[in-house]
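The values are calculated or read from the model by the stated rules, or taken from the named source; none is laboratory data. Computed from a predicted model, the values in this text were never measured in an experiment. Please note: Cβ atoms are built from the backbone with ideal geometry, for glycine as well, and neighbour counts cover all protein chains shown.
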Amino acid sequence: MANSVSYENKWELYDRWMIISRKYRYLFIELPLTASTAIAKELVENYAGEPILYKHANYRTFLKQASDEEKAYFTFIGVRNPMDQAVSHYYKYLNDHKGKYSKPQPRKNGRVKYWLNERGHRKRFKFIKDNKASFGDYFLEFYTRPYLDWSLLDESRMDGIIRFEHIQEDFTKVLTDIGVVQKRPLPQINKTKDKARTFIDHYDSEELQSRAIEIFGPYMEIWGYSFPSSWEVGEKAGRFKKRFERDLNLKKVYWSFLS
């Protein structure tokens, strides 16, 4: 059986874990920057959810300790347009979200992966701070390879998807699929500060658009996202396809064994 956890500070419960419900037989897998905290909080408070493991643990981590019955639960995950996610990352670094980049806190779970990730976060935070970097500067400096995240690790095993862009509708659909009556609209929390423009507005040059098409194209195709109709996509979206597939195979090893 996957172990549930107890924690005195309820907010930290929602902000750190995967959510399971043995009453309604579901598992929610958190993915960074997809409103996962809001979803997790709502599931715990209103739909018999229990926090297990740790925030942003992946599905294979769960499978290693789940019972046969739990492995059959309805499993769903949140995803987000990677172009939007890149902009959100930039503003979190720019604003030093919760002080986590200037004063990072150690973590007991997944220490190797956490250390590797922390180095990357610190590097990006320092680049923006030292260079007063715009989003364009940041994007061209750090987004040079095909975009990947671990929603791709077991995407074929997911029974439901909550897209950030359609969070209310998709949350309702997931509850319907589980067989649960929705009690209220999903409250929104964890808004990123100072993001006055839309995320598309940040890709305001041909260079930025071309880079975005190349590195995000394969990922967006898998999850059904598309680029603005005004962009000249052409063959650019498939330019990194082979590299994407190679990098994904390597990343799956990393996600599976260094979590």
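Looking at GLU69, GLU42 in this structure, which one is at pLDDT 95 or above and either in contact with a Cys (Cβ under 6 Å, 6 or more places away or on another chain) or surrounded by fewer than 21 Cβ atoms within 10 Å (Cβ to Cβ) (or both)? Only one candidate qualifies: GLU69.
Table: residues versus (1) closer than 24 Å to PHE76 by Cβ; (2) modelled with pLDDT of 95 or more; (3) in a helix (DSSP H, G or I); (4) among the polar types (S, T, N, Q).
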| residue | (1), (2), (3), (4) |
| --- | --- |
| ASN109 | yes, no, no, yes |
| GLU118 | no, no, yes, no |
| GLY136 | no, yes, yes, no |
| LYS173 | yes, yes, yes, no |
| THR176 | yes, yes, yes, yes |
| VAL180 | yes, yes, no, no |
| LYS193 | no, no, no, no |
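Being over 20 Å from the mean Cα position of the chain (by Cα), crowded, with 20+ Cβ neighbours inside 10 Å, in a helix (DSSP H, G or I) and in contact (Cβ under 8 Å) with a residue 12 or more places away in the chain is the requirement here; does ILE213 meet it? In short, no. Of the helices (runs of 4 or more DSSP H) that lie entirely inside the range 49-99, those containing 2 or more residues that are closer than 23 Å to PHE142 by Cβ and touching a helix residue (DSSP H, G or I) at 6+ places or on another chain (Cβ under 9 Å) span 82-94. Summed over the range 122-167, residues that are among the hydroxyl-bearing types (Ser, Thr, Tyr), free of Cβ contacts under 8 Å to residues at least 40 places away in the same chain and surrounded by 15 or more Cβ atoms within 10 Å (Cβ to Cβ) total 0.
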